[in-house]
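Structure record follows, encoded as structure tokens.
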Amino acid sequence: MAPVNRRLLQPGERIRVLAVDDSAVIRRLVAHAVEQEPLIEFVGAASNGAIALQRIPQFNPHVLTLDVEMPEMDGLETLRRVRRAHPQIRVVMFSTLTERGAAITLDALTLGADDYVTKASNEGSLDRSLARLRDELVPKIKQFFRLPGQDGAPPRFEPSLVRPTTWLSTGAPAPIRAWTRPKVVVIGASTGGPTALGAILPQLPAEFPMPVLVVQHMPPLFTRLLAERLHSICGLPVKEARHGEPVQSGEIILAPGDFHLRVVSGRGPVIACLDQSPPLNSCRPAVDALFSSVGQVYEGAVIAAILTGMGQDGRLGAQSLKARGATILAQDEASSVVWGMPGAVVHAGLADRVLPLDHIVPEILRITNQP
């Protein structure tokens with residue numbers, strides 16, 4: 001997926017949304033959900049992809065909400081054509097919480113969809129369905145835009161326990177810290193993450209000598225299918241974490257949806273622990289939960305990478321790791337779908353390196369002296 005930088009709205013301009021769904025109920029829900037947001041304008045709807053392609057020149061939308069299964073032209077074929085003819089339009093897929101829906105959504109993300117929301121099911125009332133959709137959809141639409149006067153940076157964060165970052169650069173490599181030989185790699189991602197993970201994790205060699213722990217913001221079922229897809233293309237085995245299992249070197253372990261992934265260690269091996277304690281940063285799994293626990297177990301012998309994603313999850317965890325001497329890598333803005341999470345780490349002064357996506361794994365291999 002080619003990243004598209006956040007679009008600057010002109011004074012008085014609103015984000016124009018076109019809903020594409022064969023369900024009249026969903027089209028009305030989208031209209032009501034976004035019209036309550038002053039920055040968003042609902043400009044129209046289409047009951048299938050063919051009609052949507054005809055209406056795009058008429059309504060000139062900034063964002064499409066796109067259903068997966070529709071008559072005449074389904075969501076994936078519509079997405080392919082939109083990406084060819086209108087690459088600047090942001091596309092948010094509507095997915096069902098089913099195995100088929102999750103699999104198609106992962107296909108859509110690979111084809112260039114920017115994000116997705118899950119359709120409300122059994123909410124009990126239209127009011128609850130509307131509230132849920134508004135809470136999930138509106139932030140995902142707004143993440144792609146900025147207002148005049150905004151520089152695109154997250155709010156400034158002043159860490160009190162973090163030593164100054166010396167190597168904040170995309171130029172000369174930072175020196176390898178011999179006193180903190182890495183023992184584990186941790187990665188956090190959100191919007192754009194499945195595609196980013198699919199691009200970089202296959203770069204890790206089959207003989208990589210340490211565990212790789214990953215948090216990707218996704219619901220249950222989606223994370224299992226993502227792990228299966230990554231397993232099929234990576235040299236290292238990829239699996240969802242299971243509570244109580246040892247954390248093994250040479251494995252990529254993905255936090256399951258709706259569970260925080262943490263690690264603990266007594267006198268025996270490091271163990272993966274799953275829990276459903278309250279969300280952090282409105283997320284479960286949360287990057288902060290993993291990063292903080294990893295720091296307690298591995299101290300500074302950690303390489304942490306923050307990839308593309310909305311929000312600031314991972315910032316406090318990166319602060320904790322940095323204070324212990326860990327190495328923090330952040331994806332750069334140009335290669336990120338959304339530069340929220342990595343931007344928060346960078347603007348907090350926590351990143352040792354700010355790198356294009358395709359430089360993240362080479363830097364990990366360099367630090368760990370791997371070929």
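Charged neighbours of residue 144, selected by a Cβ distance under 10 Å, balance to +4 (K, R count +1; D, E count -1).
Helical content alone sets the calculated 222 nm signal of the chain at -10000 deg cm²/dmol, taking -39,500 (n - 2.57) per DSSP H segment of four or more residues and averaging over every residue. In loop segments of the stretch 198-290 as defined by DSSP, the GluC sites (Glu not before Pro) with at most 15 further C-beta atoms inside 10 Å of their C-beta are 207. Using the alpha carbons alone, the radius of gyration of the stretch 1-153 stands to its Kirkwood radius in an Rg to Rh ratio of 0.94. Sorted largest first, the principal axis extents computed over the alpha-carbon atoms of the stretch 197-297 equal 34, 33, 18 Å. With a simple spin-label model that places each label point 7 Å from the Cα along the Cα-to-Cβ direction, the separation between residue 13 and residue 277 comes to 4.4 nm.
Compute the Cα gyration tensor for the stretch 200-244, then decide on rounded, prolate or oblate, letting a ≥ b ≥ c be the square roots of its eigenvalues: rounded whenever a/c is under 1.5, prolate when a/b is larger than b/c in the other cases, and oblate in all that remain. Prolate. Inter-part distance, the stretch 235-272 to the stretch 45-121, computed on C-alpha centroids, equals 34 Å. Summing Lys and Arg as +1 and Asp and Glu as -1 over all other residues whose Cβ lies under 12 Å from the Cβ of residue 279 gives a net charge of -3. Placing a label point 7 Å from the Cα of residue 147 along the Cα-to-Cβ direction, the residues of the stretch 25-61 with a backbone N closer than 15 Å are 37-41. Taking a straight line from the alpha carbon of residue 322, these lysines sit under 27 Å away, with near neighbours fewer than eight places off in the same chain left out: 183. Of all lysines in the structure, those lying under 28 Å Cα to Cα from residue 119, and not within fewer than 8 positions of it along the same chain, are 140, 142, 239.
Once both labels are positioned 7 Å from their Cα atoms along Cα-to-Cβ, the gap between residue 245 and residue 265 label points is 2.0 nm.
Here the mean projected area of the convex hull built on the C-alpha positions of the stretch 230-270 is 3.2 nm².
Considering only 360, 51, 40, the Gaussian network model of the chain with Cα springs below 10 Å gives its largest mean-square fluctuation to 51. If r is the Cβ-Cβ distance from residue 128 to residue 81 and R0 is 30 Å, what FRET efficiency results, to the nearest 0.05? Here the calculated transfer efficiency is 0.30.
Taking the protein heavy atoms of the stretch 1-120 in the context of the full set of protein chains, the accessible area attributed to carbon and sulfur is 50 percent at 1.4 Å. Over the chain, the reciprocal of the mean inverse Cα-Cα separation, the Kirkwood hydrodynamic radius, stands at 21.2 Å.
In this structure, the amide hydrogen of residue 118, modeled 1.01 Å from its nitrogen in the peptide plane, lies closer than 5 angstrom to those of 95, counting only residues at least 5 positions away or on a different chain.
Simple spin-label estimate for residue 324 and residue 233 gives 3.1 nm between the two label positions (7 Å along the Cα-to-Cβ direction from each Cα). Computed over the stretch 224-347, the range of Cα coordinates on each principal axis works out to 38, 34, 30 Å, biggest value leading. Summed over the residues of the chain and divided among them, the accessible surface reaches 42 Å² per residue at a probe radius of 1.4 Å. For the residues 247, 43, 184, a GNM of the chain with alpha-carbon springs under 10 Å puts the largest fluctuation on 43. Of the accessible area of the stretch 231-322, computed with a 1.4 Å probe over protein heavy atoms only, carbon and sulfur atoms account for 51 percent.
Net charge of the neighbourhood of residue 305, taken over other residues with C-beta under 11 Å away and scored Lys/Arg +1, Asp/Glu -1, is -1. Remark: the stretch 40-123 is approximated by an ellipsoid whose semi-axes, taken from the C-alpha gyration tensor as √(5λ), come to 20, 14, 12 Å, largest first. Could you tell me how far the Cα centroid of the stretch 330-345 sits from the Cα centroid of the stretch 129-150, in Å? That distance is 18 Å. Treating r as the C-beta distance of residue 206 and residue 135 and R0 as 51 Å, the FRET efficiency rounds to 0.75. Normalising by residue count, the stretch 285-352 has a Cα convex hull of 66 Å³ per residue.
Estimated at the nearest 10 Å², the accessible area of residue 93 is 0 Å² with a 1.4 Å probe.
The values are calculated or read from the model by the stated rules, or taken from the named source; none is laboratory data. All figures in this text were calculated on a predicted structure; none of them were measured in a lab. Glycine also receives a Cβ, built like all others from the backbone with ideal geometry; neighbour counts cover every protein chain displayed. The protein model used for the area step is the full one, side chains on, heavy atoms only, and it has no ligands, DNA or RNA in it. Shrake-Rupley method; radii C 1.70, N 1.55, O 1.52, S 1.80 Å.
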